[in-house]
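Notes to accompany the following structure.
The values are calculated or read from the model by the stated rules, or taken from the named source; none is laboratory data. Remember, it's a predicted structure, so these values are computed and weren't measured experimentally. Note that we place each Cβ from the backbone using ideal geometry, even for glycine, and neighbour counts take in every protein chain shown. Keep in mind that these areas ignore ligands, DNA and RNA; they rest on the heavy atoms of the full protein, side chains included. Shrake-Rupley method; radii C 1.70, N 1.55, O 1.52, S 1.80 Å.
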Amino acid sequence: MKFIKNFFERTEPLVQKGGKYHWLQSVHDGFFTFLYTPKTTSKTGTHIHDYIDLKRTMSIVVLSVVPALLFGMYNVGVQHFKAIGELASTGFFEIFLFGLIKVLPIVIVSYAVGLGIEFVFAQLRGHEIQEGFLVSGMLIPLIMPVGTPLWMIAVATAFAVVLGKEVFGGTGMNIWNPALVARAFLFFAYPAQMSGESVWIALKDTDKVIDGFSGATPMANAAAGHLNYSVADAFFGFIPGSIGETSTLAILIGAVLLIITGIGSWKIMVSTIAGGAVMGLILNAFSGSAGLSPEVATYFSMPFWHHLILGGFMFGAIFMATDPVSASQTEKGKWIYGFLIGILAIIFRVVNPAFPEGMMLAILLMNTFAPLIDHYVVAGHVKRRTKRAKVSA
Amino acid sequence: MSEVVKLRKGLNIKLKGSAEKALDKLPVPATVALKPTDFPGLTPKLSVKVDAEVKAGDALFYDKYHPEILFTAPLGGKVVSINRGERRKILEVVIATDEKIGSAEFKKADPTTLSAEEVKEQILKSGIWPFIKKRPYGIIANPEEKPKAIYISTFDTAPLAPDYNFVLDGQLDTFQTGVNALAQLTEGKVNLGVSKDSAFTSLKNVVVNTFEGPHPAGNVGIQIANTSPINKGEVVWTISVQDVLFIGRLFETGNVDFTKTVALTGSEVQTPKYYQTTVGAPIATLVEGKLVDADHNQRIISGNVLTGTKVSAKSYLGFYDSQISVIPEGDEYEFLGWADPGFNKFSATKAYFGKLFPKKEYTMNANIHGGERAFVLSNQYEKLVPMDILPVYLLKAILVNDIDKMENFGIYEVIEEDFALCEYACTSKIEVQKILREGINTMIKELG
């Protein structure tokens with residue numbers, strides 16, 4: 001391993017300002033610090049520093065998404081073989097391999113495009129490559145339907161990194177969750193390709209779909225007034241949907257890791273789920289009201305907790321809403337922020353027929369309002385402090 | 001009168017190398033020095049020239065804007081050099097000690113029989129005044145101000161900190177004399193912050209507040225904030241335990257005696273323990289021959305690992321410091337450091353397995369373990385500051401230089417040591433203490 005370190009140390013002068021390869025400095029630094037934690041020691045302030053850094057933090061988030069990713073690959077295979085009616089006759093590894101071959105290119109395109117842009121921006125700005133995209137690059141594939149063409153993934157990723165993040169100043173400065181910006185971009189720019197029944201299932205033109213099979217997601221069916229899914233399938237994830245979002249179980253495994261390490265905010269997770277459940281109950285209560293069309297009334301009456309295991313709700317609550325940069329920063333604010341995401345997601349989902357899934361928009365909307373929530377929480381804090389001054393004066 | 005305050009926020013960092021309760025007396029050092037750089041914001045003016053002979057308690061330099069605040073020789077001797085840095089800034093005033101030259105003479109009297117003015121004048125003249133600091137800002141107290149109270153923390157919760165119950169063993173009477181003198185300086189009370197099972201609870205003429213909880217419970221700023229927080233326009237004075245002894249000795253003997261006990265601690269020390277020496281002692285007399293032979297670089301810190309100053313063996317003990325910490329420098333690369341499971345890595349987060357062994361003592365070096373980033377995570381700092389303050393908002397207010405916001409977010413209540421843990425735990429490696437001091441300097445410049 002020494003020769004790697006020697007190589008980087010030897011090439012360091014070449015990439016400094018004025019060096020022959022100065023335009024490679026951020027790339028050099030990025031790879032070097034990835035392989036070796038730098039030898040920088042503290043110059044001011046505390047002499048000891050925690051071992052935690054952004055690389056560790058981000059790699060734990062990536063690790064927590066892995067169960068959802070692996071299951072997503074498997075489910076892509078399952079849905080494919082179910083569509084062509086060969087599920088029972090296909091082995092586990094063949095199913096997984098099929099999904100792997102479908103999903104891996106999406107992951108690679110997302111990382112290649114995103115990291116490429118990050119490297120360029122870091123070099124232009126003259127600072128270190130920041131780790132934020134390690135997570136975004138993994139989340140983007142997981143919230144895409146498997147049928148999304150690779151070029152669309154590339155365009156969406158580029159849009160998200162440039163307009164979702166770098167224009168604000170990079171990691172830590174963005175207003176919206178970059179992965180959701182990518183998803184929203186595709187949703188609005190290519191609505192025809194991003195919805196319908198075919199996009200959720202990986203099929204070739206030559207594949208023969210068995211009679212009676214529909215690739216529609218349970219949510220699309222529910223919006224049409226058909227509640228035709230099994231709760232077990234929805235919880236374990238054997239339903240059509242975006243690659244990583246289907247298995248509530250795999251997502252919860254990730255949630256446990258995020259909560260144990262303290263890296264994901266359990267407050268946001270809990271309040272988002274609570275918000276969704278409360279809104280589900282409210283809809284239940286109104287399911288008998290007059291004037292509802294029969295489809296909507298059926299959707300209203302869906303047991304409230306089914307909302308939590310269908311669609312992208314759980315994935316959003318665990319991995320998207322908790323993005324520390326775009327979420328509320330204050331502890332009180334986190335409760336409000338999460339709760340409203342839950343409420344809004346279910347409203348969008350059920351009441352607005354234009355959007356079969358509301359989680360993406362609910363989170364982006366609350367990302368926008370998070371600074372406002374924080375503003376009022378902080379104003380309350382300051383008010384209490386100034387009151388204290390008056391009392392003692 | 002006693003109040004028990006339980007603090008939940010904070011973090012104890014368990015380091016290897018805490019001092020065993022044994023005291024060695026070091027011989028009188030050949031040189032001692034005062035460093036004007038130990039006093040933030042001070043503009044020193046020299047009162048002596050090289051070769052001048054000074055008694056202990058004779059002024060070496062004074063504060064340009066408060067000429068009554070003197071900084072005096074810790075021991076008698078001859079001024080041998082005045083070391084200057086860039087733009088002729090005075091770095092050190094060095095004295096070659098001579099035991100035949102004793103201490104300057106001051107009034108020997110029971111401070112309770114003296115007037116407030118007499119007590120103040122004696123403390124100022126003897127050069128002990130600079131040990132009294134004021135909040136807001138953590139700078140030397142202004143003798144013209146009337147503090148609403150004086151606060152003394154009698155325990156230190158910082159990593160490897162000295163145990164003042166041990167340090168003050170047998171000197172509590174002198175401490176009481178010092179407290180009596182201080183009580184004359186305020187219209188309020190002298191407040192002692194004590195830990196459970198403290199020897200200090202027997203003192204009189206004080207208000208005793210008991211604090212329980214992890215570091216920074218021992219910080220005087222935290223103790224003030226949790227008993228009587230400082231509002232705009234209010235001033236509180238603080239002084240640390242051993243410095244009260246100097247005042248006590250001054251009134252009991254009429255001489256200055258800057259003898260103090262210093263804990264030599266850290267994983268790089270062979271046998272960490274306490275040494276009796278003096279204010280301004282050379283670092284070399286404290287560490288030479290006492291460190292572990294190592295093939296890596298070592299960092300000597302005057303003070304604790306959170307707030308101390310990096311010093312070389314040729315330098316001198318910091319004016320306010322009662323501790324020397326020696327840790328590995330850690331200027332080495334670590335292969336895939338971020339991917340290590342980290343059984344030997346202590347962290348404020350639970351992202352390393354080290355968290356599973358809460359009783360273990362850790363060796364930590366001065367590596368910052370990562371690169372500096374923008375603020376990304378939230379609620380990291382808040383968990384470590386047991387005050388009604390939002391640390392990140394205060395720091396951001398400082399970064400954008402917004403004085404109104406700094407005031408609203410509580411800049412009057414905090415100094416660097418109160419936020420030191422935030423800097424330790426920061427994922428983004430932000431230089432919290434430096435930013436805070438810049439904010440405080442802005443406040444001093446703009447509002448006086």
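Would you check if A:Ser89 is assigned by TED's automatic domain parsing to the domain that holds A:Glu128, polar (S, T, N, Q) and open to solvent by 30 Å² or more (accessible area, probe 1.4 Å)? Considered against the rule, which asks whether it is assigned by TED's automatic domain parsing to the domain that holds A:Glu128, polar (S, T, N, Q) and open to solvent by 30 Å² or more (accessible area, probe 1.4 Å), A:Ser89 comes out as yes.
Annotation: B:Trp338 fulfils all but one of (1) within 13 Å of chain A (Cβ to nearest Cβ); (2) surrounded by 21 or more Cβ atoms within 10 Å (Cβ to Cβ); (3) not in a helix (DSSP H, G or I); the unmet one is (3). Determine, yes or no, whether A:Glu94 is of a type in the set (Asp, Glu), without any contact (Cβ under 8 Å) to a residue 24 or more places away in the chain and open to solvent by 50 Å² or more (accessible area, probe 1.4 Å). Yes; evaluated as a whole, the condition is true for this residue.
Residues in segment A:307-328 that are open to solvent by 10 Å² or more (accessible area, probe 1.4 Å), under 17 Å from A:Ala274 (Cβ atoms) and away from every other protein chain (no Cβ under 14 Å): A:Leu308, A:Ile309, A:Met314. For the condition open to solvent by 10 Å² or more (accessible area, probe 1.4 Å) and either under 16 Å from B:His215 (Cα atoms) or among the hydroxyl-bearing types (Ser, Thr, Tyr) (or both), B:Ile368 does not qualify. Summed over segment A:100-135, residues that are modelled with pLDDT of 90 or more, open to solvent by less than 30 Å² (accessible area, probe 1.4 Å) and not hydrophobic (A, V, I, L, M, F, W, C) total 2.
All of (1) free of Cβ contacts under 8 Å to residues at least 40 places away in the same chain; (2) closer than 27 Å to A:Gly30 by Cα hold for B:Asn379 with one exception: (2). Looking at segment B:219-267, which of the residues that are among the charged types (D, E, K, R) and open to solvent by 10 Å² or more (accessible area, probe 1.4 Å) is farthest from B:Ala281 (Cα to Cα)? So, considering only residues that are among the charged types (D, E, K, R) and open to solvent by 10 Å² or more (accessible area, probe 1.4 Å), the one farthest from B:Ala281 (Cα to Cα) is B:Lys232. Apart from one condition, B:Lys64 fits all of (1) over 30 Å from B:Pro214 (Cα atoms); (2) in contact with a His (Cβ under 9 Å, 6 or more places away or on another chain); the exception is (2). Restricted to segment B:309-329, and to residues there that are within 12 Å of another protein chain (Cβ to nearest Cβ) and open to solvent by 10 Å² or more (accessible area, probe 1.4 Å), the residue that is nearest to B:Gly221 (Cα to Cα) is B:Thr309. Pairing each residue of segment A:356-380 that is assigned by TED's automatic domain parsing to the domain that holds A:Lys334 with any residue that is open to solvent by 40 Å² or more (accessible area, probe 1.4 Å) and at pLDDT 95 or above, provided the two are 6+ apart or on different chains, yields C-beta distances under 6 Å for A:Met366/A:Leu340; A:Ile373/A:Ile336. Looking at A:Ile201, is it part of a loop (DSSP other than H, G, I, E, B) and open to solvent by 50 Å² or more (accessible area, probe 1.4 Å)? So A:Ile201 fails the test. The residue that is farthest from the other protein chains (Cβ to nearest Cβ), counting only those in segment A:70-85 that are open to solvent by 20 Å² or more (accessible area, probe 1.4 Å) and among the hydrophobic types (A, V, I, L, M, F, W, C), is A:Ile84.
Looking across A:Leu54, A:Leu35, A:Leu24, one residue alone is at pLDDT below 75 and either open to solvent by 10 Å² or more (accessible area, probe 1.4 Å) or within 12 Å of chain B (Cβ to nearest Cβ) (or both). It is A:Leu24. Those helices (runs of 4 or more DSSP H) of segment B:372-432 in which 3 or more residues are open to solvent by 10 Å² or more (accessible area, probe 1.4 Å) occupy B:391-399, B:403-408.
Criterion applied to A:Gly212, A:Gly264, A:Gly244, A:Gly275 was being of a type in the set (Gly, Ala, Ser) and more than 30 Å from B:Thr349 (Cβ to Cβ), and the one residue passing it is A:Gly212. When every residue of segment A:78-85 is checked against the conditions, none turns out to be out of contact with any Pro (no Cβ under 7 Å at 6 or more places or on another chain) and polar (S, T, N, Q). The criterion of being touching a Leu at 6+ places or on another chain (Cβ under 8 Å) and of a type in the set (D, E, K, R) holds for B:Glu361. Criterion first (open to solvent by less than 10 Å² (accessible area, probe 1.4 Å), within 14 Å of another protein chain (Cβ to nearest Cβ), more than 27 Å from A:Ser293 (Cβ to Cβ) and touching a residue at least 60 places away in the same chain (Cβ under 8 Å)) does A:Gly338 satisfy it? In short, yes.
Taken as a whole, the condition of being polar (S, T, N, Q) and not in a helix (DSSP H, G or I) applies to A:Asn174. Does segment A:135-156 include one or more residues that are touching a Ser or Thr at 6+ places or on another chain (Cβ under 6 Å) and of a type in the set (S, T, N, Q)? No, the conditions are met nowhere in segment A:135-156.
Selection of segment A:296-313 for residues being part of a helix (DSSP H, G or I) and of a type outside the set (A, V, I, L, M, F, W, C) yields A:Thr298, A:Tyr299, A:His306, A:His307.
To keep it simple, each residue is scored yes or no on (1) in contact (Cβ under 8 Å) with a residue 40 or more places away in the chain; (2) within 14 Å of chain B (Cβ to nearest Cβ).
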{"site": "A:Gly132", "(1), (2)": "yes, yes"}
{"site": "A:Leu139", "(1), (2)": "yes, no"}
{"site": "A:Asn174", "(1), (2)": "yes, yes"}
{"site": "A:Gln193", "(1), (2)": "yes, no"}
{"site": "A:Gly196", "(1), (2)": "no, no"}
{"site": "A:Ile201", "(1), (2)": "yes, no"}
{"site": "A:Thr206", "(1), (2)": "no, no"}
{"site": "A:Thr217", "(1), (2)": "yes, no"}
{"site": "A:Ala234", "(1), (2)": "yes, no"}
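Can you tell me which residues in segment A:39-51 are buried (at least 20 other Cβ atoms within 10 Å of the Cβ) and either more than 7 Å from chain B (Cβ to nearest Cβ) or not hydrophobic (A, V, I, L, M, F, W, C) (or both)? Answer for segment A:39-51, where residues must be buried (at least 20 other Cβ atoms within 10 Å of the Cβ) and either more than 7 Å from chain B (Cβ to nearest Cβ) or not hydrophobic (A, V, I, L, M, F, W, C) (or both): A:Thr41, A:Ser42, A:Gly45, A:Thr46, A:His47, A:His49, A:Asp50, A:Tyr51. Counting only strands (runs of 3 or more DSSP E) that sit wholly inside segment B:199-285, those with at least 1 residues that are of a type in the set (A, V, I, L, M, F, W, C) and in contact with a strand residue (DSSP E or B) (Cβ under 6 Å, 6 or more places away or on another chain) are B:207-212, B:236-238, B:259-265. Among the residues of segment B:305-342, just one is more than 23 Å from B:Cys426 (Cβ to Cβ) and without any contact (Cβ under 8 Å) to a residue 12 or more places away in the chain, namely B:Phe335. Looking for something over 24 Å from B:Ile301 (Cβ atoms) and either within 13 Å of another protein chain (Cβ to nearest Cβ) or among the hydrophobic types (A, V, I, L, M, F, W, C) (or both) - is there at least one such residue anywhere in segment B:414-422? No - not one qualifying residue is present in segment B:414-422.
Across segment B:64-116, the number of residues qualifying as of a type in the set (A, V, I, L, M, F, W, C), touching a Leu at 6+ places or on another chain (Cβ under 7 Å) and in a loop (DSSP other than H, G, I, E, B) comes to 2.
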